[in-house]
1. Just one of the numbered conditions (1) over 30 Å from Tyr173 (Cα atoms); (2) out of contact with any helix residue (DSSP H, G or I) (no Cβ under 6 Å at 6 or more places or on another chain); (3) surrounded by 12 or more Cβ atoms within 10 Å (Cβ to Cβ); (4) free of Cβ contacts under 8 Å to residues at least 12 places away in the same chain is not true of Cys21; which one?
2. I'm checking my understanding of the structure. Among residues of region 111-128 that are among the β-branched types (Val, Ile, Thr) and more than 14 Å from the chain's Cα centre (by Cα), which one is surrounded by the fewest Cβ atoms within 10 Å (Cβ to Cβ)?
3. Name the residue, out of Ile96, Ile140, that is in contact with a helix residue (DSSP H, G or I) (Cβ under 8 Å, 6 or more places away or on another chain), surrounded by 14 or more Cβ atoms within 10 Å (Cβ to Cβ), part of a helix (DSSP H, G or I) and aliphatic (A, V, I, L, M).
4. Could you identify the single residue in Gln108, Gln80, Gln36 that is part of a loop (DSSP other than H, G, I, E, B) and surrounded by 13 or more Cβ atoms within 10 Å (Cβ to Cβ)?
5. Go through the residues of region 156-169 one by one and say whether even a single one is crowded, with 16+ Cβ neighbours inside 10 Å, modelled with pLDDT of 70 or more, under 29 Å from Gly72 (Cβ atoms) and of a type in the set (Ser, Thr, Tyr).
6. Taking Arg184 as the residue in question, decide whether it is out of contact with any Asp or Glu (no Cβ under 6 Å at 6 or more places or on another chain), charged (D, E, K, R) and either modelled with pLDDT of 85 or more or not in a helix (DSSP H, G or I) (or both).
7. Would you check if Glu28 is out of contact with any Gly (no Cβ under 8 Å at 6 or more places or on another chain), exposed (fewer than 11 other Cβ atoms within 10 Å of the Cβ) and either hydrophobic (A, V, I, L, M, F, W, C) or assigned to a helix (DSSP H, G or I) (or both)?
Amino acid sequence: MIAELAHTEDDPAALRFALGCLRAAISERARDPDTQLMAGLWAIALVSAFYAVLRLACAARGMFVLFGGHDGLREVLMRQPEPLTVIARYDAARPIVISCFLALGAAQLATAWFLSRRQIRWFATAWCIALLIAGIAVVIQLSITPNVAGVPSEFHALLLQAVTVPALLVALYHRTSHFREALRCRRSEP
């Protein structure tokens, strides 16, 4: 195609020929099972990375509040029955929850990295660690503010995340017949 580009000034048909070759090459590459597999894995890795950014943003907001920033949740908790008890538990658990969100964000970034590199075993390990950390964060939050109206819960967001990424992987597995073979080849590589 580069040879045709040198002749495009003299012959416009050479440019059309080069563009046709480029279109055919892209079309053929898009039909390749390995390309489809990697595109799917990268898409799921981007979803995991998005979740990681959300968790890290929650941790950053928590750090801001921990160091004296405005805390809207404290105002909501003050309107609850027995606010001093709830706020005392909230203040005691806040550093632990922030640490959980930092660890969860790091674990989710690791899942995105391992998935984009087709290291499924490491991905599964990091994903299980992320789910464990998420479970700990939800249990802590629910132990502090069970059934408090107006308090946002991470439970639904973490549940959505716990279901979304494995569901996307299962869909990719069933959609791409090349998935198993690619994983087997990857395991046999040094």
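The values are calculated or read from the model by the stated rules, or taken from the named source; none is laboratory data. Given the structure is predicted, the values throughout are model-derived calculations rather than measurements. Here the Cβ positions follow ideal geometry from the backbone for every residue, glycine too, while neighbour counts run over all protein chains shown.
1. (4)
2. Thr125
3. When all the criteria are applied, what remains is Ile140.
4. None of the others qualify; the one that does is Gln80.
5. Within region 156-169, not a single residue is crowded, with 16+ Cβ neighbours inside 10 Å, modelled with pLDDT of 70 or more, under 29 Å from Gly72 (Cβ atoms) and of a type in the set (Ser, Thr, Tyr).
6. For Arg184, the condition - out of contact with any Asp or Glu (no Cβ under 6 Å at 6 or more places or on another chain), charged (D, E, K, R) and either modelled with pLDDT of 85 or more or not in a helix (DSSP H, G or I) (or both) - is not met.
7. Here the answer is yes, as Glu28 does meet what is asked.
Conditions (1) modelled with pLDDT under 80; (2) under 30 Å from Trp113 (Cα atoms); (3) part of a loop (DSSP other than H, G, I, E, B), marked per residue:
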{"site": "Ala3", "(1), (2), (3)": "yes, no, no"}
{"site": "Glu9", "(1), (2), (3)": "yes, no, yes"}
{"site": "Tyr51", "(1), (2), (3)": "no, yes, no"}
{"site": "Gly68", "(1), (2), (3)": "no, no, yes"}
{"site": "Leu73", "(1), (2), (3)": "yes, no, no"}
